[in-house]
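Everything on this sheet refers to the single structure shown next.
The values are calculated or read from the model by the stated rules, or taken from the named source; none is laboratory data. It should be emphasised that the depicted structure is a prediction, and the values quoted were computed from it without experimental measurement. FYI the Cβ positions are ideal-geometry reconstructions off the backbone, even for glycines, and counts take in every protein chain you see.
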Amino acid sequence: MAPTTSQPPEELAEKIVDIDVSEEMRGSFLEYAYSVIYQRALPDARDGMKPVQRRILYQMNDMGLRPDRAHVKCARVVGEVMGKLHPHGDAAIYDALVRMSQSFAMRAPLVDGHGNFGSLGGDDAPAAMRYTEARPDRAAQLLTESIDENVVDFRPNYDGQESEPEVLPAAFPNLLVNGASGIAVGMATNMAPHNLGEVIAAARHLLANPEATLDELMKYLPGPDLPTGGTIVGLEGVRDAYARGRGTFRTRATVSIEKVSPRRTGLVITELPYNVGPEKVVARVKELVQSKKIQGISDLKDLTDRNQGLRLVIELKNGFNPEAVLEELYRLTPMEESFGINNVALVDGQPQTLGLRELLQVFVDHRMDVVRRRCEFRRGKREERLHLVAGLVVALLNIDEVIALIRESEDSTQAREHLMSAFELSDTQARYILDTPLRRLTKYDRLELENERERLNREIAELTAILESDAKLREVVSEELAEVANEYANPRRTVLMDSSGVTRSAAIPLELADEPCHVLLSTSGMVGRSRGETLPRMFEGLRTRHDAIATSVPVTTRSSVGLVTDLGRAIRLPVLELPELPDEDTESPPLASGLPVTEFVELAEDERVVSVVALDNDGPGFALGTAQGVVKRVTPESPPNKDEFEVLTLKEGDRLVGVSQLATGEEDLVFITSAAQLLRFSAETVRPQGRTAGGVAGVKLTGEARALWFGAVPTPEDSVVVTVAGDSEALAGTQAGSAKTTPFDTFPTKGRATGGVRCQRFLKGEDTLILGWVGREPVRASRADGGPVRLPDPDPRRDGSGEPLPRAITAVGSGQTDTGLTTPENS
């Protein structure tokens, strides 16, 4: 069968339209750009909302969600918004809802979220919408308040089946309070958050003074207030942004220098720049440490939790200036970031770059329009009600005639017409009378209606006065803003710092210099270091409560000292690890800022630190004395690869009682024994020995006597001898005994290995010395509770008896000489 051909109908015939491709592309791109600008990326300057944010809050309000009601699944909210108002994907809606709930992203969160809504910096993504729940926050109610009173215009949704508001009523300047960010086509916006109370104060000032200048407004709103706190450095960029809508400022983390361990100083970060998360800082710091681009950091810990909030601890190595390391961190890490303000928002549907005054003016104009429309709506409602009340009052005054007319009427239509003609009522009034139950037509209800009519007339007059007076309208808007500030404002979180007030620490060296200092050991076992070549004034004179100094050794900050114990071992300790003492302190004990030696060394149960010696010097070394009368000199050479080594091989049952640093090697060495004997001999008579040697005979002991104290005396002419006698059977440290102070020059020099001379005669009931000490004045004697004990005046008789003490002495020492420790435990 031959094929047949037929022509298509005219309406189906091919139609080709010739168009210019460039014109089509230009037109399509402009439509796309306008859609992105107006429908997605840029907020409206009046309520500070992008369309998706506005639709979320409006739909949550329409769903009946409130801050005082239960949370609902976020998936339900997203579904309602997407199905009714927002013709885009659920991801965009949920992302906007999540951001509105993040307290670290918005200064006044608009959504109260329940569940995982992400973390600072975006390192931890929020949970899926099927797991999280949400409800409006208290601030969201302020944005949608009175929306059902015809205060804003509505428009059809994307399919014309629903309606949505063009703008929210916004009872506070949300755009300034929460800021905004977005990227459109050919333009972008980036607005910083501000403090609610400050923004409202500036808006109220503009309401009262429409011609207010920028400087006047900045007195109320000095700068941004970021949700994460921190410090804004340099306000010039802030002023530029407030003046012309664009500017840049720097934000810094909030950091404090603290003792993070007994031996370490650290930088504690509690606030980070806006939109910077801790993971980002931790990763950057670790990268810099590994690449050796930054020095002085030994450890970094992220101790952030829900209870204490953000807490990053950067532990520093000893010998580095914390301020200098912090400055390097500001320079090389996200702990200091720039924030570029670009105040682009929609005004009457057109994108504009706005300064602070323009932003406030747009909000003020919008709020005045909202209040005006609300007053008109409320006045109309009250006038309608007054019209009905007036008709009902007429019916009550003529109740018998009204009932008769109704009974005579065939139906409700005829009854309504009779009422309208008989009493000159409107159709609305007649209908209302017919719908009113008979139980309301009583004398009591008549009084209620009269009161209601008076109240309605009064409210209508008030609303009319507001509508007819621009000043009263501004006053109402200002009062409502004040109520919002009183209820919802909170203190500023961000510190504003002018660039002129910032002290850059570029001139501070990264590492501490090798400067002279003193390492001090107290009689109670506290250790620390003081600055300078001489001891500070804080160790001069007596105080009400104090701690006597047992040893003071001149060293440098980058050297090492040895903590010598009574078991004959020395533990190496870098001076930089010791806490630095204040230069002057007239209230606290001298070593109140120090630390116990047990924080630096591990001691046996019956072991204690006797003294501190310098290890890194070229002097004549130090001298040691034991309870069995052995003396030894040791050169300062010590094993550089060992942190602990032996300085004396002790005999069985023997202990060190004193160790003294030698300055010249010509000092006098002194033993004081429990038998009240004092031996003075020259250090030159003791030959230096190796570290493991057992020493030589120092003082000759008789019977059960033993050495109580040993030390070197560099300046005999201004030194004194302090001795305390007591009963050998009494508990050490509890008996008062008798004390004696004697000029050191009264004791002659004797040969080594001799018995010396008597230094104190015993009183009745005394048979032993319990304390002995030699050094320069002033002398410090303290009791067990740390309080001072005044010693007797110097007695020129070297073998005289002592004066009875009112309280027991537990320690004797000084801050003016290099001495050994003397306490009752030595006895």
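Data overview
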{"item": "Tally of residues being assigned to a loop (DSSP other than H, G, I, E, B) and of a type outside the set (Val, Ile, Thr) across region 333-388", "result": "7"}
{"item": "Residues of region 627-673 classified as within 54 Å of the chain's Cα centre (by Cα), in contact (Cβ under 8 Å) with a residue 60 or more places away in the chain and assigned to a strand (DSSP E or B), total", "result": "9"}
{"item": "Criterion: surrounded by 12 or more Cβ atoms within 10 Å (Cβ to Cβ) and either hydroxyl-bearing (Ser, Thr, Tyr) or at negative phi (or both) - qualifying residue of 446, 439, 458", "result": "446"}
{"item": "Residue tally, condition touching a Gly at 6+ places or on another chain (Cβ under 8 Å) and either over 18 Å from residue 440 (Cβ atoms) or part of a loop (DSSP other than H, G, I, E, B) (or both), over region 389-428", "result": "2"}
{"item": "Residue check for residue 802: in contact with a Lys or Arg (Cβ under 9 Å, 6 or more places away or on another chain) and at pLDDT below 80", "result": "no"}
{"item": "Residues that are more than 30 Å from residue 450 (Cα to Cα) and of a type in the set (Asp, Glu), drawn from region 348-389", "result": "348, 358, 365, 369"}
{"item": "From 122, 48, 118, 113, residue being in contact with a Leu (Cβ under 7 Å, 6 or more places away or on another chain) and under 25 Å from residue 493 (Cα atoms)", "result": "48"}
{"item": "Which listed residue, of 440, 446, is basic (Lys, Arg) and farther than 17 Å from residue 387 by Cα", "result": "440"}
{"item": "Test: residue 302 is surrounded by 15 or more Cβ atoms within 10 Å (Cβ to Cβ) and acidic (Asp, Glu)", "result": "no"}
{"item": "Candidate set: region 108-124, residues that are at pLDDT below 95 and charged (D, E, K, R); chosen: the one nearest to residue 272 (Cα to Cα)", "result": "123"}
{"item": "Any helices (runs of 4 or more DSSP H) falling wholly within region 85-197 and containing at least 3 residues that are buried (at least 16 other Cβ atoms within 10 Å of the Cβ) and outside the structural domain of residue 42 (by TED's automatic domain parsing)", "result": "174-178"}
{"item": "Contacts under 8 angstrom Cβ, first residue in region 681-693 being in the same structural domain as residue 670 (by TED's automatic domain parsing) and more than 10 Å from residue 632 (Cα to Cα), partner surrounded by fewer than 14 Cβ atoms within 10 Å (Cβ to Cβ) and among the hydroxyl-bearing types (Ser, Thr, Tyr), 6 or more apart", "result": "681/749; 682/749"}
{"item": "Only one of 238, 285 that is in contact with a Phe, Trp or Tyr (Cβ under 8 Å, 6 or more places away or on another chain), in a helix (DSSP H, G or I), crowded, with 19+ Cβ neighbours inside 10 Å and not assigned by TED's automatic domain parsing to the domain that holds residue 99", "result": "238"}
{"item": "Residues that are under 38 Å from the mean Cα position of the chain (by Cα) and at pLDDT below 95, drawn from region 145-169", "result": "145"}
